[in-house]
Each structure stands twice: as structure tokens, then as C-alpha cells.
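> The following block contains the structure, expressed as C-alpha cells.
The values are calculated or read from the model by the stated rules, or taken from the named source; none is laboratory data. Everything numeric here is computed off the predicted structure, so don't read it as measured data. Using ideal geometry, Cβ is built from the backbone for each residue, glycine included, and neighbour counts are taken over all protein chains shown.
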Amino acid sequence: MTTTAGDKTSADFFRVLVEGVPEAIVVTAPDGTITYFNPACEKLLGYKQTEVMGRNISMLVPQQPERRADVMKWLERWAHESDETQSRFLDLIAQTKSGKQMPIDVRVVERHLDTQRRYFITVRDNTVRRHEQASFKESHLKASRILQVAEDGIISAGTAQNIEFFNLKAEQIFGYRVDEVLGRPISMLMPERFRHRHRDDVARFGAGKQASRQMNERGHVLGLRKSGEEFPMEVAITKVAVGGTLTYTAHVRDITVRKRQEAKLEESERRFRAIFEHAFEAIGLLSPDGTVLEINRAGRLMTEGQSQLTGLPLWDLPWAGSDLAPDDTARQRLKNAISQAARGDAVRYTAELRRSDASVRKIDINLTPVKDELGHVVYIVPEGRDVT
């Protein structure tokens, strides 16, 4: 559509322009008296122009309990703001003809018409935006509460690696209050000797393609409490880019107790091995079907001709001397005894292995079933002593 110079200055052109735009427009005098109400405003608020002309704008934007200031004072203040500020909208609550309250965005500017001051006000329904903002705020609040009470310490930092979020568990782990760490380098939470390398590692992670990784992949990670105590921790780090800005989030677990338990378990294992391997009696560990899982030094000395004994049925081990004159009766008896132990009974008897020179080797055998909390046999412990 083209316009002539005459069109641009004609009253008809401007009337058609203002009445045809989809933006709701209200014009008032400085005291709030409505002097113009365009069709888009009629559609938005439900009033006909004839119903509002000459009336005060407060009928459209009634005073809210939480906002004691007069609407016109708000509009007057904003009408004199700079153009830069006027690029923003003022949030108000309008009331439609049906009585429904509607959140609106308002912009206002003061102009003169025939030497008369007028406020030109544009109105937008921001119900959807207000709902989206409320939903986002609620979601953010829920997420924040969930993160605050998480079992892991959760710490977030920006591109500069300064702390932006520090949840309750992180406070417990490191001994700092959140106000003591916000804005400070995240490297303060680790021993000084690791800080420079940590900054470089995080920067490389930020520049890489991985979205997350375990920091323990390269060995133990040590944390530093406010008290100066160093402690082992398990750390998973993720990164998210929002608006071109990276945010790093670390999930931290204090594994001091676990490390102590592991150390105790390792010490217990060493003690068990020392006792197991140096016991005078032959001792082993079987699955319920009789397969050898473990056998100690004394047990290995009672066999011959084969180094790999685990994985074989106990009755098929190459017992010393028995391979020279196989004794199927002794093997069958041992097999039957293991079946009895697998049913939950302790078994003890003396086995006789006949040598090729017709002499007899006597072995005192004990089979003890080991049960789980439900009473099912999960292991059988065989003990044997040569009582020849």
C-alpha cells in the first residue's frame, strides 16, 4: 500500500491508522478523563467507546489492595520517563466490563493535541506471559528446594569459576555458610596445592564436548573443610550453556566413612588371608554344588599334579596318592556328604584314600554349611586334616 503526502497529514489517515491497529489504545487527560478509546481496546476490555468516554480511567484500572498509589500518578510518572525506560512496560491489573480482572502491560507517553496535554496509553493482555512467569518461578522454586535438600552437596559456578549456588548439604560437608562462599572461587574448597591444576582442568572441560564427567577418573579428589581438614570426596561435574554463558555444577559426596570402611575391609581381608593360608588344617570354600571357590595352602599340599584347583568339584581334585589308585567309593561318599551339607546339615566323617601300595590314608573331614538371612545355603566350608 502506498500513501501520498496528503494521506500522511490527513485526519482520516490517522483515524484509520489508530482504529485499525491491533494494539489497544486509550487517550486520557492529565486528570484521567478518557478522551479516546479505540476498537482494539473495546475488544480487549469489552466496553464500547460510548460507555467510557468522559469517565475516569480508574474504572478500567481500579486500585489494587497491594498498590495504594493512584493509577494516574503511576501513569504521570512513567509518561515523563526517558525513551529508554519507556521501552519497558508497566504491569497493572485491568477490569473488563464483565468484572474479570486481567493482568496488562501498559506503556504511556505524554503528547499535546491542540495545546492540550494528553496521555497516550497502549494496553496489552499479558495473562499468558504472567502465567508463564508464575509457572517458571514455581518450577524454579521447586527445583531450588529439591537441590537444597539433596543428599549430595551441590555447588554451581559460572564461567569465572566463582560460586553461585551452595546447597545445605554442601554447607554440612565443607563447614561454610552459603554467604561465606558466594562469589568466591570454587577452588577454595580444595587444598591449595591442587587449585591451579583444578582451574585448568575445569577450563578444559568447559571447552570440550563432554557434558559431564567424574572428576575421580584421574584418581582421588580431596576437599578442604573450613576447619582446614582435608577429606576424600567423589565429584561429578556437569556444564550447561544458557545464553552463551557456561554454568558448571558439581555434585559432591564426602566419602570419608566409605574410605574408612574400605580400609577396614582390606585389613580384615589381609588378616583373613593370613589365617586362611597359614592354617594347619586344609580349608576351602565351596559353592552349594561342591565346586571349589577357594582352597588354602594346606589343602593344596594334600593334592598333587595340578596347579589350578578352583572351578573343579571337590571330589575330583587330584588328592595325593589317589590318582595312582582311583578310589571311586571315597569320591562318591564325599559327593554325597556335600549334597547333605547343601541341604543345611553339618557333616563330619573320616575318609579313607587307598594308596597304590594298599596302604590307607585317613582324612578327618568337616563340612559346614553357611546360610544367608533367609536360611538358604550359599557356601560350604570344607575342613580336612590328615589323621593317618
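> Regarding Phe276, is this residue surrounded by 15 or more Cβ atoms within 10 Å (Cβ to Cβ), hydrophobic (A, V, I, L, M, F, W, C) and not in a strand (DSSP E or B)?
For Phe276, the condition - surrounded by 15 or more Cβ atoms within 10 Å (Cβ to Cβ), hydrophobic (A, V, I, L, M, F, W, C) and not in a strand (DSSP E or B) - is met.
> Those residues that are surrounded by fewer than 17 Cβ atoms within 10 Å (Cβ to Cβ), outside any helix (DSSP H, G or I) and modelled with pLDDT under 90, I need them from region 313-344; list them, please.
Passing the criteria: Pro318, Ala320, Asp323, Leu324, Ala325, Pro326.
> Please state which one of Leu147, Leu224, Leu246, Leu189 is surrounded by 15 or more Cβ atoms within 10 Å (Cβ to Cβ) and touching a Pro at 6+ places or on another chain (Cβ under 6 Å).
Just a single option satisfies the conditions, and that option is Leu224.
> Would you please list the contacts, defined by Cβ atoms under 7 Å and residues six or more apart or on different chains, that run from a residue in region 167-182 that is under 23 Å from Lys142 (Cβ atoms) and buried (at least 21 other Cβ atoms within 10 Å of the Cβ) to a residue that is acidic (Asp, Glu) and modelled with pLDDT under 95?
Taking only residues 6 or more apart or on different chains, the pairs are Lys169/Glu151; Lys169/Asp152.
> Any residue at all in region 235-255 that is assigned by TED's automatic domain parsing to the domain that holds Glu164, closer than 26 Å to His198 by Cβ, of a type in the set (D, E, K, R) and not in a strand (DSSP E or B)?
no
> Within region 198-217, is there a residue that is hydroxyl-bearing (Ser, Thr, Tyr), outside the structural domain of Val378 (by TED's automatic domain parsing) and in a strand (DSSP E or B)?
The answer is yes; a qualifying residue exists.
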